[in-house]
Amino acid sequence: MTATILYTPATEGRTSSLPLRLTLAPAGTAPALLDGAWWPHSRDLAAELPVLAAALDPLWGRITHATVNPAFWSVIPRKVPVDGHVMRVGWFTAEQDPHKLLLLSYRTGRWDLLVIPPETGTAEAARLMAEAANPLNPLTASGLMAAAEQRRTAEEVEMAVVAVWDSEGGHAARLR
């Protein structure tokens, strides 16, 4: 069973009161390539990371560091205030998967989360979140995103084939 967290920040001063969209792998499962998925509402790390860290601090201990690949983030703050402490933020280009967020806690360790782009549709995001939280998932963050793109392309091709079939009389021929 995976843990899906819908956390609405109660702290004043937050830039967003939208619920946190996060799914984590079941507690006690064997280490996997990903520990879950995060679906931020925007690409604003300064607004999104404090909400994520505030929700995870009680579960994992104080989140002290986060790293991202700058491919999808326009601004990467060096420090982010989180409910009474400061989380440091770093970035790596070649070393870190662009679709992954790495979180560190002194008390418990490291977690790798798939970052689902904010513009992703609800159904696709739900599928990606479930796949990332599955401890048997063999794919990396970019592997999951590539598989999702292949699914989307296959569905578009299928819809185009059906549309051509119907426009050429295939649907009408089946009804006769």
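Quick check on my filter: what residues within region 26-44 are of a type in the set (S, T, N, Q) and closer than 22 Å to P117 by Cβ? Across region 26-44, the qualifying residue is only S42. Considering region 70-84, the residues that are modelled with pLDDT under 95 and over 11 Å from L49 (Cα atoms) include one that is surrounded by the most Cβ atoms within 10 Å (Cβ to Cβ), namely W73. Residues in region 46-63 that are more than 16 Å from P118 (Cα to Cα) and either surrounded by fewer than 17 Cβ atoms within 10 Å (Cβ to Cβ) or touching a Gly at 6+ places or on another chain (Cβ under 7 Å) (or both): P58, L59, G61. Quick one: would you say P77 is part of a loop (DSSP other than H, G, I, E, B) and in contact (Cβ under 8 Å) with a residue 24 or more places away in the chain? Yes: the conditions hold for P77. Residues of region 78-102 that are of a type in the set (A, V, I, L, M) and more than 13 Å from the chain's Cα centre (by Cα): V80, V82, V86, M87, V89, A94. In region 35-45, the residue that is least open to solvent (accessible area, probe 1.4 Å) out of those that are closer than 15 Å to T67 by Cβ and not aromatic (F, W, Y) is L45.
Restricting A154, A163, A147 to those that are open to solvent by less than 90 Å² (accessible area, probe 1.4 Å) and at pLDDT 85 or above reduces the list to A147. On the given criteria, is T29 in contact with a Phe, Trp or Tyr (Cβ under 8 Å, 6 or more places away or on another chain), open to solvent by 10 Å² or more (accessible area, probe 1.4 Å), in contact (Cβ under 8 Å) with a residue 24 or more places away in the chain and of a type outside the set (D, E, K, R)? No.
Residue-by-condition table, conditions (1) closer than 24 Å to A148 by Cα; (2) part of a helix (DSSP H, G or I); (3) touching a helix residue (DSSP H, G or I) at 6+ places or on another chain (Cβ under 8 Å):
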{"residue": "A27", "(1), (2), (3)": "no, no, no"}
{"residue": "P31", "(1), (2), (3)": "yes, no, no"}
{"residue": "A46", "(1), (2), (3)": "no, yes, no"}
{"residue": "L49", "(1), (2), (3)": "no, yes, no"}
{"residue": "G90", "(1), (2), (3)": "no, no, no"}
{"residue": "W111", "(1), (2), (3)": "yes, no, yes"}
{"residue": "L114", "(1), (2), (3)": "yes, no, yes"}
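Could you tell me whether region 156-163 includes any residue that is within 20 Å of the chain's Cα centre (by Cα) and among the aliphatic types (A, V, I, L, M)? No, region 156-163 contains no residue that is within 20 Å of the chain's Cα centre (by Cα) and among the aliphatic types (A, V, I, L, M). Within region 105-131, restricting attention to residues that are closer than 18 Å to P58 by Cβ and within 17 Å of the chain's Cα centre (by Cα), the residue that is most open to solvent (accessible area, probe 1.4 Å) is R110.
The values are calculated or read from the model by the stated rules, or taken from the named source; none is laboratory data. In this text, all values refer to a predicted model and were calculated from it rather than measured experimentally. All Cβ positions, even for glycine, are placed from backbone atoms using ideal geometry, and neighbour counts span all protein chains on display. We work out accessible area using only protein heavy atoms, side chains counted, and drop any ligands, DNA or RNA first. Shrake-Rupley method; radii C 1.70, N 1.55, O 1.52, S 1.80 Å.
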